[in-house]
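Taking it in order: structure first as structure tokens, then the write-up.
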Amino acid sequence: MSNLRERSETMKRLKIGVICYPSLGGSGVVATELALKMAEKGHEIHFITSSLPFRYSQPNDRIHFHEVKIDGYAVFKYPPYDIALANRIGQVIEEEQLDLLHVHYAVPHAVSAVLAKDMVQSDIGIITTLHGTDVTILGHDPALRNTVKYGIDKSDITTAVSESLRKETMELIEPAKEIVTVYNFIDETTYHPVDSTAIREEFQLPENDKVIVHISNFRSVKRIPDLIRAFAKIRKTVPAKLLLVGEGPEMPRIRRLADSLGVTDHVIFTGKRDDLPAILSASDVMVLPSEKEAFGLVLLEGFACGVPAVGTTAGGIPEVIEDGVNGYLVPVGSPEAIAEKTVAILQDMDLQRRMSENALRTVCEKFGSSHIVSQYEELYGRLLREGQ
Ligand code: GMT
């Protein structure tokens with residue numbers, strides 16, 4: 001086992017253990033994209049996850065995958081995944097001589113990493129990135145709050161994906177150390193305006209119809225019924241189609257509401273899609289009506305394709321949408337405000353074009369990948385130098 005001083009001398013090529021949710025979700029996307037960017041910079045990445053991260057499409061010799069497996073022993077009502085994860089992290093720390101662990105989500109991942117470190121008696125540094133619901137929902141649950149705090153306090157460095165999440169975590173969890181804000185970023189090589197002819201044909205989008213897009217995991221925090229109600233109002237003034245991209249538990253309710261408001265023929269349920277840049281490039285405006293949203297990665301995906309957004313003032317959204325510049329901010333729970341601001345963009349071509357240009361500029365100036373990846377790399381360096 002190498003000590004911190006020895007590791008800092010081999011700073012050039014770090015061996016980084018990455019723990020994240022590999023399935024669909026913003027945190028999995030950010031964790032994987034960051035790891036891929038670190039590999040491009042010459043570092044060695046070791047994913048320790050239950051399955052292959054979904055954006056891990058092109059393996060290379062600097063990227064390794066260590067699967068966490070757990071058998072369904074009859075003695076357990078709930079298979080102890082967190083413990084199996086800790087066990088696997090411990091093995092990989094030793095076998096691969098990892099330099100640091102970057103953990104995404106406080107619970108259970110940070111806690112499993114801390115347990116692993118203790119199990120193999122390593123002094124490896126842990127950096128934990130908070131993504132949102134690990135604090136804004138789990139942090140309110142008395143059954144989990146102390147565990148969230150433990151995971152954060154035992155991490156050497158904790159980051160939050162927005163200033164809003166950082167502040168909320170400081171207030172709610174009262175951690176022992178400061179938390180650092182590092183914004184999410186977008187991979188500009190994947191997200192940029194592309195030809196959308198095939199999408200317009202596939203969804204039979206009439207030439208004169210405007211296109212409103214919403215992309216999410218369709219959980220209740222996204223408040224999609226507000227968007228459906230707003231869309232019914234928008235349709236009274238502007239011919240438009242609504243693209244709902246993704247899947248999730250709220251879908252049956254949303255379909256019923258669209259039916260009852262008589263807009264089903266104008267709502268296109270696309271399901272999960274891999275061709276988001278093409279879908280976004282066919283869209284005129286994105287709507288994100290969430291009541292909780294630590295950051296709203298999807299806004300960046302839209303901005304990078306030149307799509308302005310109407311979003312609520314929840315969480316970190318105002319750190320991404322600059323009101324009147326790259327979109328509009330509206331209060332949570334107001335279909336009227338969503339409709340009014342969306343129509344304002346859709347009816348004024350000049351405004352839409354200006355906001356679209358500003359959206360592209362926002363991505364370059366504030367959320368570009370090289371800038372944000374460097375911030376994480378600096379934190380990795382700090383972790384190795386100071387162990388904190
Ligand atoms: O809420 C989601 O849609 C998924 C969730 C996740 O687990 O990935 O997203 C959270 O992390 C994203 C990446 O940092 C953020 O962009 C989302 O705002 C955040 N979601 C919430 O805070 C509700």
Could you say which residue among ASP226, ASP259 is away from the ligand (no atom under 12 Å from the Cβ) and surrounded by fewer than 19 Cβ atoms within 10 Å (Cβ to Cβ)? ASP259
Residue list for segment 341-371, filter: touching a strand residue (DSSP E or B) at 6+ places or on another chain (Cβ under 8 Å) and farther than 23 Å from VAL161 by Cβ: LYS341, THR342, ALA344, ILE345, LEU346, GLN352, MET355
By residue number, the members of segment 196-218 that are under 29 Å from VAL332 (Cα atoms) and either among the polar types (S, T, N, Q) or at pLDDT below 95 (or both) are SER216, ASN217
Just the residues that are of a type in the set (A, V, I, L, M, F, W, C) and either outside the structural domain of GLN204 (by TED's automatic domain parsing) or over 23 Å from GLY316 (Cα atoms) (or both), please, taken from segment 271-301. ALA278, ILE279, ALA282
Could you tell me which numbered condition TYR191 fails, if it satisfies all but one of (1) assigned by TED's automatic domain parsing to the domain that holds GLU301; (2) within 30 Å of GLU365 (Cα to Cα)? (1)
So how many residues does segment 181-195 have that are surrounded by 12 or more Cβ atoms within 10 Å (Cβ to Cβ), in a loop (DSSP other than H, G, I, E, B) and at pLDDT 95 or above? 8
Can you find a residue that is under 21 Å from THR32 (Cβ atoms), within 16 Å of the ligand (Cβ to nearest atom) and either under 25 Å from the mean Cα position of the chain (by Cα) or among the acidic types (Asp, Glu) (or both) anywhere in segment 191-206? yes
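Residue-by-condition table, conditions (1) assigned by TED's automatic domain parsing to the domain that holds ASP123; (2) at pLDDT 90 or above; (3) within 16 Å of the ligand (Cβ to nearest atom):
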{"position": "VAL18", "(1), (2), (3)": "yes, yes, yes"}
{"position": "VAL29", "(1), (2), (3)": "yes, yes, yes"}
{"position": "THR32", "(1), (2), (3)": "yes, yes, yes"}
{"position": "ALA35", "(1), (2), (3)": "yes, yes, yes"}
{"position": "PHE54", "(1), (2), (3)": "yes, no, yes"}
{"position": "SER57", "(1), (2), (3)": "yes, no, no"}
{"position": "GLY72", "(1), (2), (3)": "yes, no, no"}
{"position": "VAL75", "(1), (2), (3)": "yes, no, no"}
{"position": "LEU85", "(1), (2), (3)": "yes, yes, no"}
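The values are calculated or read from the model by the stated rules, or taken from the named source; none is laboratory data. Keep in mind that this is a model prediction, so the values were computed, not measured. For neighbour counting, all protein chains shown are included, and Cβ atoms are generated from backbone atoms with ideal geometry for every residue, glycine included.
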